Amino acid sequence: MHIGHRTGVVGALLLALCTAAPAADLSRDQVLQAAAAANPPDLSGKDLSDLDLSGADLRRTRLRGAKLFASRLVSADLRGVDLSGANLNGAWLMGADFSGAQLRDATLLSVVILGGAVKKMPVFRNADLRGARIIADLPGADLSGANLGQARIGVDIRNQGMGQMRTDLTGANLSGANLEEADLNRSLLAFANLRNSNLRGANLFRVKLAGADLAGADVTGADFTEADLAGTILRGAKGLAQAKGLERADNLDQAIR
């Protein structure tokens with residue numbers, strides 16, 4: 001069987017399993033009881049889809065995925081939930097709403113976002129993701145107003161011997177987001193909305209920023225070395241004179257200044 005066809009079949013199977021999944025394994029009360037009974041709580045592999053967990057204290061909870069036995073938070077209401085230090089690696093997050101959630105120091109590696117022509121992206125509007133470790137495909141996701149200060153979103157060369165896995169934020173809404181001192185190296189941010197964001201001291205090494213909008217963003221001390229700036233809107237950006245590596249950025253002559 002052709003590799004591309006086989007990949008498509010596997011993707012269709014995963015999507016079917018997701019959309020045809022039974023009701024959540026636990027109720028809200030059971031989730032809260034489990035979270036209070038263990039340190040750290042372990043809900044790995046549980047299906048919590050469609051649950052209202054808004055405002056819940058789930059600090060350091062393990063919601064890791066394992067092949068087809070992934071933790072599922074599909075369309076879950078996680079507004080204002082406290083998942084500080086939680087492990088969400090490999091979890092299914094389609095349509096989950098993390099607006100205002102506490103995700104400081106959480107890990108979101110290889111999270112699963114399935115869908116058809118229009119994927120149901122999770123929402124991280126105004127979420128606290130300071131120091132979080134993120135490697136995920138989140139094109140078009142809403143992270144407006146999110147706090148990603150010192151978040152580690154870029155490639156970790158030391159731990160990627162099987163190839164570089166990159167975070168895809170193509171077309172994402174990061175307007176007003178705090179990305180101060182965030183590591184975004186090699187990430188995909190083409191056509192992203194970064195208007196009025198805080199990029200002070202951010203690592204933008206080899207970041208794909210083609211067509212991104214940085215109007216009003218503060219880029220003081222940000223490192224643009226080898227970043228792709230074709231069509232990037234830099235007009236109105238603050239701190240350009242104090243930015244690093246602009247002279248070594250790709251396609252700087254095509255940036256809109």
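Read the figures in this text as sums done on the coordinates, not as results from a lab. Please read these numbers as outputs of a predicted model, since none were measured by experiment. Using ideal geometry, Cβ is built from the backbone for each residue, glycine included, and neighbour counts are taken over all protein chains shown.
Structure summary
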{"item": "Neighbourhood charge, 13 Å Cβ-Cβ cut-off, centred on residue 227 and excluding it, Lys, Arg +1 and Asp, Glu -1", "result": "0"}
{"item": "Vicinal HN-Hα couplings computed from phi for the range 168-180 (Karplus, 6.51 cos²θ - 1.76 cosθ + 1.60; Hz; Gly/Pro x)", "result": "9, 10, 4, x, 6, 9, 10, 4, x, 6, 9, 10, 4"}
{"item": "Net charge contributed by nearby residues that have their C-beta within less than 11 Å of residue 180 (K/R +1, D/E -1)", "result": "0"}
{"item": "For residue 130, net neighbour charge (Lys/Arg +1, Asp/Glu -1) across residues whose Cβ lies under 15 Å away", "result": "-1"}
{"item": "Extension gain (nm, one decimal) between residue 29 and residue 256, 0.36 nm per residue minus Cα-Cα", "result": "76.4 nm"}
{"item": "Among 169-178, 29-38, the order from most to least packed when residues are scored by Cβ within 10 Å on average", "result": "169-178, 29-38"}
{"item": "Whole-number Å³ per residue for the convex hull built on Cα positions in the range 168-214", "result": "53 Å³"}
{"item": "Gain upon complete extension [residue 36, residue 54; 0.36 nm per residue less C-alpha separation]", "result": "4.9 nm"}
{"item": "Whole-number D in µm² s⁻¹ for the range 83-200, Kirkwood Cα-pair radius fed into Stokes-Einstein, 10 °C, 1.306 mPa s", "result": "114 µm²/s"}
{"item": "Distance between modelled label sites at residue 226 and residue 75, nm, 7 Å Cα→Cβ extension", "result": "4.4 nm"}
